[in-house]
1. Checking the condition among the hydroxyl-bearing types (Ser, Thr, Tyr), assigned to a loop (DSSP other than H, G, I, E, B) and under 23 Å from the mean Cα position of the chain (by Cα), which residue from SER185, SER180 passes?
2. Can you confirm whether SER89 is modelled with pLDDT under 90 and in contact with a Ser or Thr (Cβ under 7 Å, 6 or more places away or on another chain)?
3. Evaluate the stretch 336-352: report whether one residue or more is at pLDDT 90 or above, over 26 Å from the mean Cα position of the chain (by Cα) and not aliphatic (A, V, I, L, M).
4. Look at SER244 and say whether it is buried (at least 18 other Cβ atoms within 10 Å of the Cβ), on the phi > 0 side of the Ramachandran plot and touching a residue at least 12 places away in the same chain (Cβ under 8 Å).
5. List, please: which pairs have Cβ atoms under 7 Å, are six or more places apart or on different chains, and start with a residue in the stretch 422-436 that is in the same structural domain as ILE305 (by TED's automatic domain parsing) and end with one that is of a type in the set (Lys, Arg) and loosely packed, with under 15 Cβ neighbours inside 10 Å?
6. Out of (1) buried (at least 20 other Cβ atoms within 10 Å of the Cβ); (2) under 18 Å from the mean Cα position of the chain (by Cα), what's the single condition that is false for MET223?
7. Of the numbered conditions (1) in a loop (DSSP other than H, G, I, E, B); (2) within 24 Å of the chain's Cα centre (by Cα), GLU314 fails exactly one; give the number of that condition.
Amino acid sequence: MRRKLYKAFQLLASGSRKVFGLKLFLIFIAIVFTGYSITASEIDKKKRDDLYKQVRLFSDSLTIIQTDYVDDVTTKKLIYGALKGMLSSLDPHSQFMDPDTYNELKVDTGGKFGGLGIEITIKDGLLTVITPIEDTPAWKAGIKSNDRIVKIDNGLTRDITISEAVKKLRGKPGTTVNISVLRESEKKILEFKIIRDIIKIKDIKEARILENGIGYIRLTEFMENTPKDFSAALENLSKSNMNSLILDIRNNPGGLLDVAVRVTEKFLEKGKLIVSTKDKKTVQNLKIFSQAANPILNLPMVILINEGSASASEIVAGCLQDYKRAIIVGIKSFGKSSVQTVIPLYDGSALKLTTSKYFTPAGREIHGKGIVPDIIIEEAKIETEKNKDQKPEDVFEKVEQKEKPEKPKKEEKTFDYKTDNQLNRAVDILKAIRIYKETK
């Protein structure tokens, strides 16, 4: 094998078109297999032959572009472009990051930035809002879950990646960004002018007794301090004679996995499976079990979810639903629950690759499916059925033809559970459980 590769490399001295194609072929093979020890016996022959055939197609295309394209183009640019296309074809969360993008990712974890306060993804080929985060510029402006962002500062978002969208949406605090949104439930295109701000998230939004000993905790995101804050909220409600609990994780986009686990295990016996991951390499599959020393086991619970509940929120709801530890109320969650691993490459670039998916204790896949509530209760404002047949290209044609997008009506975001249809039904459910237990 080594002797054959050595002879192939000797041919690189030739300047012919065929040998140039071989050069690119060998470069590509080197990139693919860098860092791996692969022998012929380790790969199925049929798969290996198919790989070589497809790589030849790739190398032939590179050769034609290099020799016949009207302008000079570097091999690096072509390879980077191919890698971006390759990763984007897998799923919305996998991507190739060039060195600049990868460096920005590393800086973002420690620095402050101005933003809008929305979680976004690519869904059905369109840039989609998972949820606006409470008390952020996007939330105050009236952005909603499943809004389709079709324009950012007059630039169409057709074929945009998540990282490119984040770059456009972020900026210095105090600066303005204009976005056009398709709200399918209203069949309208709405225009928003939003001022960026430093995003400060409070994980526990509300913690109070509603009535008749029914406790209520509004959890907006799973952050580093959430377990401590959540425990303190539970303790304070217990001192106020809490006899049941509503955990509201509507519009909660998720957060840290270990934090979601620590919140969930507060209501489970020790040793219960909370969540598992599955990937191609079975040796890397992960199972996480509850370990809380003094869990709360006899407190009746309702968990509120909606289409803005994603990721870690779905892990909590799915787990407690499987064990029948809580009644899940609301509408189906977003369905985003996969694991992305960042793999650095030798030139400073990196692959952000979806490597596994989360599953509930009963083995239900969350990603792409979401958590279906035990009791489905729509919001007080019943939305019309979404246009399921609409294609991404139709959306952009509609935006380009639309001269004056409508301005959204701002809604008051004050807490009043009497006006919250889903929360009111949750209260009724807990009342009914208490009455049932008393009569029994």
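The values are calculated or read from the model by the stated rules, or taken from the named source; none is laboratory data. Since we're looking at a predicted model, the values are computed, not measured. Cβ coordinates were reconstructed from backbone atoms using ideal geometry, including for glycine residues, and neighbour counts include every protein chain displayed.
1. SER185
2. Spelling it out, it is not the case that SER89 is modelled with pLDDT under 90 and in contact with a Ser or Thr (Cβ under 7 Å, 6 or more places away or on another chain).
3. Yes, the stretch 336-352 contains a residue that is at pLDDT 90 or above, over 26 Å from the mean Cα position of the chain (by Cα) and not aliphatic (A, V, I, L, M).
4. For SER244, the condition - buried (at least 18 other Cβ atoms within 10 Å of the Cβ), on the phi > 0 side of the Ramachandran plot and touching a residue at least 12 places away in the same chain (Cβ under 8 Å) - is not met.
5. Matching pairs, first to second residue: ASN424/LYS418.
6. Only one criterion in (1) buried (at least 20 other Cβ atoms within 10 Å of the Cβ); (2) under 18 Å from the mean Cα position of the chain (by Cα) is unmet by MET223, namely (1).
7. For GLU314, the failing item is (1).
Each row is one residue, and each column tells you yes or no for (1) at positive phi; (2) of a type in the set (Asp, Glu); (3) at pLDDT 90 or above.
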| position | (1), (2), (3) |
| --- | --- |
| TYR358 | no, no, yes |
| ILE366 | no, no, yes |
| ALA380 | no, no, no |
| ASP394 | no, yes, no |
| ASP416 | no, yes, no |
| GLN422 | no, no, yes |
| ALA426 | no, no, yes |
| TYR436 | no, no, no |
